[in-house]
Amino acid sequence: SFHLFSRMLSLDAVSSNGASIIRFTWIPTIVGNPLYKEYFTFDINKEVSKKLSYFNELPIVDGLNEDVEKLYYKSFSVLKSMIYSPEGMFQRRWSTPDKIPHKDLYLWDSAFHSIAFKYISYDLAKETLLSVLDSQKEDGMIPHRSTPEKGTDITQPPILAWAIMELYKESEDISLLE
């Protein structure tokens, strides 16, 4: 147990049926009198396995030195952190090349993201491409950059068609072409 800003946080480690469980107990206090007690628990092994399962889907590349292998996994880790849930005009998961200073979907980047995502999840790769189409305007124009609320009035070269074809070659999912 330890004190933090006149609050007490205690950590208890418990082993139950082979699982490592940690319970965090948070006791807010005023002049030493506990008002109430909150706690949550989680299974460490389950959470670690869930986080690492993402990397288990990556293709194995033989012959990498240690530094290049770390960079390989770090690249996919960063890519994973750029995935967003559906919001605004985006009806499915979408990706951005950076979260700061802006959180925008870019046509060009989304095409390349989908090619990388195909190594992890075909569904995620497909959603990344289709989310670009969610920003398509009534006249058929696909903005080069979109936020969940609006898109720009300029576009980019037809890289989206190339990315869709690359994903189709991998999956032979005819629905991708429809």
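The values are calculated or read from the model by the stated rules, or taken from the named source; none is laboratory data. Being a predicted model, the structure only gives us computed values, none of them experimental. Cβ placement follows ideal geometry from the backbone for every residue including glycine, while neighbour counts extend to all protein chains displayed. These accessible areas exclude ligands, DNA and RNA; they are computed on the full protein's heavy atoms, side chains included. Shrake-Rupley method; radii C 1.70, N 1.55, O 1.52, S 1.80 Å.
Quick one: in the range 87-101, which of the residues that are without any contact (Cβ under 8 Å) to a residue 40 or more places away in the chain, assigned to a loop (DSSP other than H, G, I, E, B) and of a type outside the set (Asp, Glu) is farthest from Glu57 (Cα to Cα)?
Pro101
Of the residues that make up the range 120-142, is at least one out of contact with any helix residue (DSSP H, G or I) (no Cβ under 7 Å at 6 or more places or on another chain), more than 23 Å from Phe55 (Cα to Cα) and touching a residue at least 60 places away in the same chain (Cβ under 8 Å)?
no
Filter the range 103-130 for residues that are outside any helix (DSSP H, G or I), out of contact with any Pro (no Cβ under 6 Å at 6 or more places or on another chain) and open to solvent by 60 Å² or more (accessible area, probe 1.4 Å) and give the result.
Lys103
Output yes when any residue across the range 83-92 is open to solvent by 40 Å² or more (accessible area, probe 1.4 Å), of a type in the set (A, V, I, L, M) and at pLDDT 90 or above, and no when none is.
Yes; the residues of the range 83-92 include at least one that is open to solvent by 40 Å² or more (accessible area, probe 1.4 Å), of a type in the set (A, V, I, L, M) and at pLDDT 90 or above.
Here is a list of conditions, (1) within 17 Å of Ser85 (Cα to Cα); (2) part of a helix (DSSP H, G or I); (3) open to solvent by less than 30 Å² (accessible area, probe 1.4 Å), and Pro148 meets all of them except one; can you say which number that is?
Of the numbered conditions (1) within 17 Å of Ser85 (Cα to Cα); (2) part of a helix (DSSP H, G or I); (3) open to solvent by less than 30 Å² (accessible area, probe 1.4 Å), the odd one out for Pro148 is (2).
Would you pick out the residues in the range 131-143 that are in a loop (DSSP other than H, G, I, E, B) and either open to solvent by 60 Å² or more (accessible area, probe 1.4 Å) or small (Gly, Ala, Ser) (or both)?
Across the range 131-143, the qualifying residues are Ser135, Gln136, Lys137, Glu138, Asp139, Gly140.
Taking Asp153 and the conditions (1) within 25 Å of Tyr54 (Cβ to Cβ); (2) assigned to a loop (DSSP other than H, G, I, E, B); (3) among the charged types (D, E, K, R), which numbered condition does it fall short on, given that it satisfies the others?
The single condition Asp153 does not satisfy is (1).
Which number in (1) part of a helix (DSSP H, G or I); (2) surrounded by 13 or more Cβ atoms within 10 Å (Cβ to Cβ) marks the one condition that Val68 misses?
Condition (2) is where Val68 drops out.
When residues of the range 71-82 are filtered for being at pLDDT 90 or above and surrounded by 13 or more Cβ atoms within 10 Å (Cβ to Cβ), how many remain?
Here the count works out to 1.
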